[in-house]
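Remarks on the structure that follows.
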Amino acid sequence: MTRADQYQLVRLRFGERRGLRRAAAVDAIEGLCAELWRAGQVRQGWTVAGDDEGWFVVLTLTRPGALAGRHRSEWAEREWCATAARFGREPVPELLGHVVGPRRVRLADCRRLVLWANFTDADHPVRCFDTGRNVPLLDLPVDATLRRDLLGWASSFRAVDELWFGSDVLERASYTQLAQPASRLSRIASELADALAQAVERPVYRYLVHYDAGDVVAARERCPVCARRWLRRPHGGWNFVRRCDACRLVAH
């Protein structure tokens, strides 16, 4: 393992509280984990369990020190305090070791970024355009609201992408959301890309699904926003074969 693909595995202990029912304990811990994820502090996927010392959850941090209080959003801070009050103590983190995950890259090493998501990839949606590596949201000079909005968009994109992949009834409706620049999902991505580009002071591209079946050949060769011809060659770490620099769009 290299430092770029190592993620800290942490057990967050809550202890035991007499009179606190199992369902209430699990709900409180799950609610806290969800807000830590929305703040960009932990990766999606966690395990709530208990032992002789009480309740705990095993988390994967997005970067070293991600659980520090300075990284919490107002919503995560609220859940943290509420959970501490419910259990009668502050959650206590214990480092268990490291796990291998997607390779990360520093923002300073990226010339440009791309918003990327699909239903098989549950990692954070901001990637280095040229390498495809993950840029931790906590490393970006953005506020908690933008981090939360980026993760919310990525979750929506994954849900629609999975629906398109596995659906007959809603195939056309889901494809429209993924592939049409005027769809609500695409408009949200455009707004987020613009806000992120302003914050990081570098280009931020957004990804459109591009599926050839049923499309007119001439239309496939042009950007659906400005009608300029696509730049046709593999681009970046994800080998996008279509790129429009004017509109900051890429597609396969």
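Each reported figure results from applying straightforward, stated rules to the coordinates on display, with no laboratory input. Owing to the predicted nature of the structure, the values given are computational and were not obtained by experimental measurement. Cβ atoms come from the backbone with ideal geometry, glycine included; neighbour counts cover every protein chain shown.
Table for the structure above
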| item | result |
| --- | --- |
| Residue-span extension gain [residue 44 to residue 119] - 0.36 nm each, minus C-alpha spacing | 25.7 nm |
| With Cα atoms, 0 to 90° folded angle of helix 144-166 axis to the chain main axis | 60 degrees |
| Max mean-square fluctuation residue, GNM over the chain, Cα-Cα springs under 10 Å, options 43, 11, 187 | 187 |
| HN-Hα J in Hz across the stretch 104-121 - Karplus 6.51, -1.76, 1.60, θ = phi - 60°, x for Gly and Pro | 9, 9, 6, 4, 4, 8, 10, 7, 7, 10, 9, 7, 9, 7, 7, 6, 8, 10 |
| Net length gained if the chain between residue 172 and residue 241 were fully extended (0.36 nm per residue, minus Cα distance) | 22.5 nm |
| Karplus-derived HN-Hα couplings along the stretch 232-243 (A = 6.51, B = -1.76, C = 1.60, θ = phi - 60°), whole Hz, x at Gly and Pro | 9, 5, x, 10, x, x, 9, 6, 5, 8, 10, 8 |
| Candidates 51, 130, 194, ranked by Gaussian network fluctuation over the chain, Cα under 10 Å, top entry | 51 |
| Pairwise centroid distance, computed over Cα atoms, of the stretch 1-78 with the stretch 112-156, Å | 20 Å |
| Helical mean residue ellipticity (222 nm; -39500 (n - 2.57) per DSSP H run of 4+; nearest 500) of the chain | -10500 deg cm²/dmol |
| Spacing of the two label points (7 Å from each Cα toward its C-beta) at residue 107 and residue 51, in nm | 3.7 nm |
| Contour excess over end-to-end distance, with Cα ends at residue 228 and residue 201 and 0.36 nm allotted per residue | 7.2 nm |
| Projected label distance in nm at residue 11 and residue 100, using a 7 Å step from Cα toward the beta-carbon | 2.4 nm |
| Distant-in-sequence amide H partners of residue 240 (H built 1.01 Å from N, under 5 Å) | 235 |
| FRET E, pair residue 84, residue 194, Förster distance 41 Å, beta-carbon r, rounded to 0.05 | 0.60 |
